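None of the figures in this text is laboratory data; all of them are computed from the coordinates on show. The structure displayed is predicted, hence computed values, not measured ones. Every residue, glycine as well, gets a Cβ built from its backbone with ideal geometry; the counts of neighbours run over all protein chains shown.
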Amino acid sequence: MRRVWRRPYLGAPARASLLPSLGLALITAACGASATAAHHDGATAARLAPPCAQRAGATLARAASLPAASIVATAFTADGGEASCRFTIRGAGGARTLDVVAELDSAPQAYYRLERESVEFGQNVLWHNEGAAAYPRYVAHLGLEADWFASTGQLITTDGVRLITILVNSAPAHAPGGAERLAATLARCYLGPLVQPRA
């Protein structure tokens, strides 16, 4: 996936600009949406699971093989105004054995913004010679599209209505499938019916 350069609290560096031709194509596509469509997306988003939904915490606990009652869910608003939740468990000595952030961005054109972030991230990997392992990795059967960014512990997906970002800061070593599977499992809690991007 992509590093969320637009959200400083995630600790990601600023991303480079898109290639002009791709940027123009994405801007053109975004401008094609009508005010009615944007209103429809907003109404749909309001019916979807909120960041700190009880089901999300319970699902995360099962995926991490942890007791659901031990997870603390803290709602907050990200720097860009996105509704967010931080799920944590503190172990012995106060150290966080689980620290996962879910951020739900309901702004219009979620799919095109996901595409743009993925391309920008890939360009940055290339320009900074970070190696093939740092490139966004496609995650199958998750939303309209999903990518995993191993270097930042971040997954981004969308149902066409919301841009869903899951950041795994720390997870139990015994969690089946590791951080990527943990993030994908949590992301499914927030996905609604898939809405194809408008031309």
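Taking amide H as placed 1.01 Å from N in the peptide plane, the amide H of LEU98 sits under 5 Å from that of ILE89, each at least 5 places away or on another chain. Peptides 59-67, 177-185, 156-164 ranked from most to least packed give 156-164, 177-185, 59-67, packing being the mean of other C-beta atoms within 10 angstrom over each peptide's residues.
With r as the distance between the Cβ atoms of ASP79 and GLN123 and R0 = 25 Å, compute the FRET efficiency 1/(1 + (r/R0)^6) and round to 0.05. Provide the component values of the computation, followed by the final result.
On the way: r = 23 Å, r/R0 = 0.92.
E between GLN123 and ASP79, to the nearest 0.05, is 0.60.
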